[in-house]
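Data block below; observations after.
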Amino acid sequence: RAVVAALGGLSPRKVELCFDGTLLSTEGAGHVCACIPAVGLETVSIGFGALTQLQGQALAALAGRLASGLKRLYVSCEFAFQLSAESFAALAGALPPTLEELYLYFWDCKALQDRGARAMADALPRLTALKKFELTLTQTGLSHEAACKAIQAIPVARIEQLGISLTGDEGYDSGNGEAAVLAAAAISRADRLKQLALHLGRWRISAQAVADLSEALRARRLERLDLDLNWCPGVGGEEVARLAAALPDTLKHLTLHLGECGLTSGVAFSGLASGLRRLRRLRELRIDLFDNAKLGDEAIAQLAEGLPEECAVQDLKLNFS
């Protein structure tokens, strides 16, 4: 009530609200969101955190407060098992075309499912002013088909920073690889792209998807890349070598997640080492190779030989466990 009263008398340009770790009810969160002053507002950041009892009122109320001149919107939510797809669709439908930065993080909100992703896909094409866009729909009951539709709808013309995390939760053998193909197509059209986070863990990745993704990466002058292919059936030694060969030499920050890909020594690590040697501008390197059971001394030696020598790496993290 105190927050609601305070918001009612303000006309800020920026509002940040964090409910993480509170006992706020879904009705209380809805009341607070409904009182966000819309006139003149340029930035809204709301962290619902792990409000497990959160339902649809808060998102629906927030959707009603998104002013036409809004430039930046950040919304994060975890473990809201009752959060409805209808409320997420209302939020998607209310996104103003003036947005330049949009960050949506929904983790383990299982009721969203495909309807939420499709509503977002319908809304994205009109957001042509976007420069920074991050969409995380992880463990939300998302199907491969809905993930594809969301990726295909991203308006990439002006985007400089892109984050896509649509991790499958249908098991390790989900989909047919089209999500990665469409992601590659989006990257290839994003001429201004400088920073990319692409998390496609658990989706099946086909040889064609790896080829398309490699060519898309080769054509971009990226400064930061975070590529997550954990638990991806179809990603093996040859695929890793091909991706490594395509890493742009403009990279300053590189993170590769290749957990449980069945990698051994040989082509995977010689290819990875060869790709890393070219990255003379690299400042940060992180490689995660957990649960690759056949990883031995030879593989680690090959990788070590490939670490760029004539560069100024200041942050190095290699995980083999």
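Annotations
- The chain, accessible area per residue, ligands and nucleic acids excluded (1.4 Å, Å²): 43 Å²
- Checking the Cα-Cα distances for Lys14/Lys132; Lys149/Lys317; Lys131/Lys252 against a 29 Å cut-off, the pairs over it are Lys149/Lys317.
- Residue order for Ser270, Ser45 - accessible surface, 1.4 angstrom probe, largest first: Ser270, Ser45
- All Cα pairs of the chain, percent lying beyond 23 Å: 59 percent
- Count Lys and Arg as plus one, Asp and Glu as minus one, and take only other residues whose Cβ is under 9 Å from that of Ala197; the net charge is then -2.
- Rg/Rh (Cα only; Kirkwood hydrodynamic radius) as it applies to region 97-246: 0.94
- Here the Debye sum runs over all C-alpha atoms of region 172-237 as equal scatterers in vacuum, and log10 of I(q)/I(0) at q = 0.15, 0.16, 0.28, 0.29 Å⁻¹ comes out as -0.43, -0.48, -1.27, -1.32.
- Accessible area of Val39 in the full protein assembly, 1.4 Å probe (Å², nearest 10): 130 Å²
- Derived value for region 189-321: Kirkwood hydrodynamic radius 14.6 Å. Basis is the mean of 1/r over every pair of different alpha-carbon atoms.
- The length gained by stretching the chain between Glu27 and Ala67 to full extension, at 0.36 nm per residue less their Cα-Cα distance, is 12.2 nm.
- A probe of 1.4 angstrom, applied to the heavy atoms of all protein chains, finds Trp107 with accessible area near 90 square angstrom.
- Summing charges over all other residues whose Cβ lies under 11 Å from the Cβ of Pro155, with Lys and Arg as +1 and Asp and Glu as -1, gives +4.
- If you wrap the tightest convex hull around every Cα atom of region 3-142 and split its volume per residue, you get 84 Å³.
- Taking a point 7 Å from the Cα of Ala34 along the Cα-to-Cβ direction, the residues of region 54-79 with backbone N closer than 17 Å to it are 54-66.
The values are calculated or read from the model by the stated rules, or taken from the named source; none is laboratory data. Computed from a predicted structure; not experimentally measured. Methodologically, a virtual Cβ is constructed for each residue, glycine included, from the backbone with ideal geometry; neighbour enumeration extends over all protein chains shown. Areas reflect the complete protein model, heavy atoms only, side chains present, ligands, DNA and RNA absent. Shrake-Rupley method; radii C 1.70, N 1.55, O 1.52, S 1.80 Å.
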